Amino acid sequence: MASNNINILNSLKVGIRSFPKDIFLNYDVPHKNLVMTLTKEAAGFSNPINMQDNRACFEAWCLIIKAKASDSDLKIELDVKDITEADYDGNLPKNGHLGRFLYRILKFREQYKDWFKLSEKLENLKDKFKTYLDSHTFVTSAPDKEANDNLDDLKNNLESYIEYVFWDSYRAQRDILKLDRGDIVGRQLPVSLFEGTKLNTNGVFTWGKSAVDFWALDGDTINVYELKVNNPMVGIITEIFFYSNYIHDVFIAGYLNHTKGMVSHKTDVQLRNYDKITGKKVQGIMISNRRDDDKGWHTSLDELTRR
């Protein structure tokens, strides 16, 4: 299967040297339609894996393929192997990974409808989830303590330490993030979601350690940052898409599906500057420690980042 995937990508002149063997590609030449089929694990239907995993980050692979393909008319269709209508009943998703997946396909389908589509079964499951969002109200999980600022702990994890520096150092904010003095910056923003009340049994998305690395208010824009240090991975794109959509829907729109699916968050929680998050638009930003002699991006992203 892996070699078949590469053969298809080569025929499209995409130029990806490696591609997950657990994602199956099929190309319908006359209709210029590439079908990308995930496993049920990648979509969260069973034994779920994280969305940033190479086997699950469909947004990243779709964008890379679409950007690199020689045929600008290429359409990409997403499917999940062996799914049935019974795999999602239209109620609270059975786990947070599935909930995030259904939200992700809802948003990506809407945002890239000109060239991205879903298989008939996946489209039906997405519509079920849309109806579920439209008929319920939701709450988020506000921080209950400040993010860890113990430097002895943070220095044992380079990525956590760099995240802290961006939050703590005005020089880093000015020179790297291009922020102005006085701009509000926060770190470790929870991205959980619960139906009705905050109970683990009501979780729509994953909770616990699921969080935006750090964020900043830049005028009327909420900058959302995903940081990778010595960890090149395609999934950084999927993460920034999910976080950006979440921040927009929760902190700007107040609804998960335009004017339906109302979602509320505690505006009086001052921890991690949570009460100060407000704006009119969202900008997703990916940061990696790329150097000339040590590429910080995944090889499949490297050509795109050089443009």
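Place the peptides 22-34, 243-255 in order of packing, highest mean first, counting for every residue the other Cβ atoms within 10 Å and averaging per peptide.
Packing proxy ranking, top to bottom: 243-255, 22-34.
Check each of the trypsin sites (Lys or Arg not before Pro) in segment 66-118 and keep only those in coil by DSSP with at most 11 other C-beta atoms within 10 angstrom; list them in order.
Hits after loop and neighbour filter: Lys113.
Given N residues in segment 2-134, what is Rg(Cα) / (2.2 N^0.38 Å)?
1.03
Just grab the label-to-label distance for Thr278 and Ser264, each label 7 Å out from Cα along the Cβ direction, in nm (one decimal).
Result: 1.7 nm between the two label points.
Could you tell me the center-to-center distance, by alpha carbons, between segment 63-104 and segment 14-43 in angstrom?
With segment 63-104 and segment 14-43 each reduced to a Cα centre, they are spaced 12 Å.
How big is the gap, in Å, between the Cα center of segment 145-210 and the Cα center of segment 245-279?
16
Given that just one value was derived from the coordinates, which of [x] 36, 60, 4; [y] 32, 58, 10; [z] 32, 53, 14, 0 is P(r) over Cα pairs in 20 Å bins from 0, in percent?
Here the calculated entry is [y].
Filter the cross-link list Lys121/Lys281; Lys113/Lys276; Lys107/Lys280; Lys178/Lys276 down to pairs whose alpha-carbon distance in this structure exceeds 22 Å.
Beyond 22 Å: Lys121/Lys281; Lys113/Lys276.
Express as a percent, rounded to the nearest 5, the fraction of DSSP beta bridges in segment 2-134 (both residues included) that run antiparallel.
35
Please name whichever of Ile285, Asn148, Phe138 sits farthest to the positive end of the charge dipole of the chain, dipole taken about the Cα centre and charges placed at Cβ: Lys and Arg +1, Asp and Glu -1.
Ile285
Taking the highest mean first, how do the peptides 209-215, 185-191, 130-136 order by number of other beta carbon atoms within 10 angstrom per residue?
Per-residue Cβ counts within 10 Å, averaged per peptide and sorted highest first, yield 185-191, 209-215, 130-136.
What percentages, rounded to whole numbers, describe P(r) for segment 33-99 computed over all alpha carbon pairs with 10 Å bin width beginning at zero?
Binned Cα distances yield the sequence 20, 45, 27, 9, 0.
Considering only lysines 8 or more places apart in sequence, or on different chains, count the pairs in segment 1-104 whose C-alpha atoms sit under 18 Å apart.
Step by step, the pairs that qualify in segment 1-104 add up to 12.
Coordinate-derived values only; no laboratory data. These figures come from a predicted structure and were not determined experimentally. All Cβ positions, glycine included, derive from the backbone under ideal geometry; neighbour counts span all protein chains shown.
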